[in-house]
Amino acid sequence: TQTLVQAIGARIPARRRLAERLSTVHAKRVVHQMTVENVMGGMRGMPSIIWEISETHPTGVRYHGKSLDELEAALPKWPGSAQISPEALLWFLYTASIPTQAELKYFAEDLMRRCQLPREIEDFIDSLPTTLSPLTHMQMTYSALAKYSKLAAAVDNGVSKANLWTYALEDALDITSRSILVISRIHNNFYGKDRKIKPRLDMSGDLAKNLAICMGRSDDFTFIELTRLAWVLHQDHGANVSAHTMRLVSSALGDPYSAISAGITAGTGALHAMAIENSLAYNKKMVESLGLNPSREDIEAYILRDIQAGAVLPGYGHAVLRVADPRLAWVRRFIKEYPVPPPANGKAPTTSLDLIQRMHDIVPDQIRTYLPKVKNPAPNVDALSGSTMLAYGIEADFILMFMANGRGMGFLCQSIWDKVLALPIERPQSITMDRLLAKL
Ligand code: MLT
């Protein structure tokens, strides 16, 4: 049984040697011919960021070369759970090795030992007005927590570059662990004030179980399983907008708490994580307009109207994927396997998972017909993940926090390797359009 630090340490010499070889022996080799299309197109298709933990291919993400399906078979599960364990995936992302059951247990215990918030941060969270969104609370809390960064202190104290990764790892594990206290405290301020939850953490439980304890849902097995799934599915997808934002902050030696705060901000874009909430809102409007079980013709006419009006269909298309997002199949499987609870207030549901899944078959054909230039009309995970969380009792304004938390955890694994490999500050050359034209 090794500790996480030992498992990361075992990989370091070979990865540093490879980085050295790439930066010296191969430094001047050409990997990609940059076209005007790359420059005008938001750097799409340009392999220009080292991402140690995964690669997103047109057919889906692979973590250290493995698909989610392969990892499901290989990674140890948390006792009693049918989902991939987020902690097991984290271990794998950090180390590229499959943890043993004992290593998973030890890792989870280490995370739980770190699970506390400074008093002033608790007071800070409690002082935030609930007229601001929960996501804003989360973003501000991480900014406030930056003062506790061990990496920032190490940078101030002049610790050598080669050793900074150990401090970054300390922050990464503290953040991963503390995140459940941040989310649940904000949640209780919004929705649980009258419940007076006094959580007693289960020090031998995993993070999902302990989040449920802190949110007063410890008996809700489905919620715990869904939390595990959400953290796994959103943990990493390469250099997407939120992860890239965190990487950018971190490349300038910004501390991990501030990087997470920036990543949350980046996620609020409608073309990124906000698509999760927007696709939920889209479904709600469709149910209002067509009812819960419309005909195929009605759905087609409704979507066509939006396509012709130039509206964004949230949850469709992708910058990298060219097929339906494999992560979507995991959400669909969850819905099949875990019965959806009836709406808490006894009223008719305002959204329909069934309708969303029927749309997955209809929308791509319509986009292909009416917007033939779109390279990938298939649905991605955002098309269903948020509505699923809502259906299982996660409040609409908390859904993005689950995504953000998974994404933050995953990025932190990458950020350790940025430090191990001493990757430089990111600073692309900017260019005016006139200058670009003059170069042709
Ligand atoms: C994500 O996981 O953040 C989305 O699929 C977006 C992306 O990968 O660019």
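The values are calculated or read from the model by the stated rules, or taken from the named source; none is laboratory data. Everything numeric in this text was worked out from a predicted model, so none of it was measured. Cβ: placed from backbone, ideal geometry, glycine included. Neighbour counts: every protein chain shown.
Against the list (1) free of Cβ contacts under 8 Å to residues at least 40 places away in the same chain; (2) surrounded by fewer than 19 Cβ atoms within 10 Å (Cβ to Cβ), the condition TYR282 fails is (2).
If you go through the stretch 98-116 and keep only what is within 22 Å of ASP171 (Cβ to Cβ) and either touching a Phe, Trp or Tyr at 6+ places or on another chain (Cβ under 9 Å) or of a type in the set (S, T, N, Q) (or both), you end up with PRO99, GLU103, LEU104, PHE107, ALA108, GLN116. Residues that are among the hydroxyl-bearing types (Ser, Thr, Tyr) and crowded, with 19+ Cβ neighbours inside 10 Å were ranked within the stretch 339-378; the one that is nearest to the ligand (Cβ to nearest atom) is THR351. Exactly one residue among ALA208, ALA154 is farther than 20 Å from THR95 by Cβ and more than 17 Å from the chain's Cα centre (by Cα), and that residue is ALA154. Would you check which residues across the stretch 216-235 are more than 8 Å from the ligand (Cβ to nearest atom) and either part of a loop (DSSP other than H, G, I, E, B) or hydroxyl-bearing (Ser, Thr, Tyr) (or both) and list them? GLY216, ARG217, SER218, ASP219, ASP220, THR222, THR227, GLN235, listed by residue number.
On the stretch given as the stretch 73-127, residues that are farther than 26 Å from ARG333 by Cα, surrounded by fewer than 18 Cβ atoms within 10 Å (Cβ to Cβ), in contact (Cβ under 8 Å) with a residue 60 or more places away in the chain and among the small types (Gly, Ala, Ser) total 2. Of the candidates LEU412, LEU390, LEU437, LEU400, the single residue that is free of Cβ contacts under 8 Å to residues at least 12 places away in the same chain and either of a type in the set (A, V, I, L, M, F, W, C) or touching a helix residue (DSSP H, G or I) at 6+ places or on another chain (Cβ under 6 Å) (or both) is LEU437. It is to be established whether one or more residues within the stretch 422-433 are crowded, with 20+ Cβ neighbours inside 10 Å and modelled with pLDDT of 95 or more. No, that holds for no residue. Looking only at residues of the stretch 3-40 that are under 21 Å from LEU423 (Cβ atoms) and of a type in the set (Ser, Thr, Tyr), we find that the one that is surrounded by the fewest Cβ atoms within 10 Å (Cβ to Cβ) is THR24. Of the residues making up the stretch 269-307, those that are small (Gly, Ala, Ser), more than 16 Å from the ligand (Cβ to nearest atom) and in a loop (DSSP other than H, G, I, E, B) number 2.
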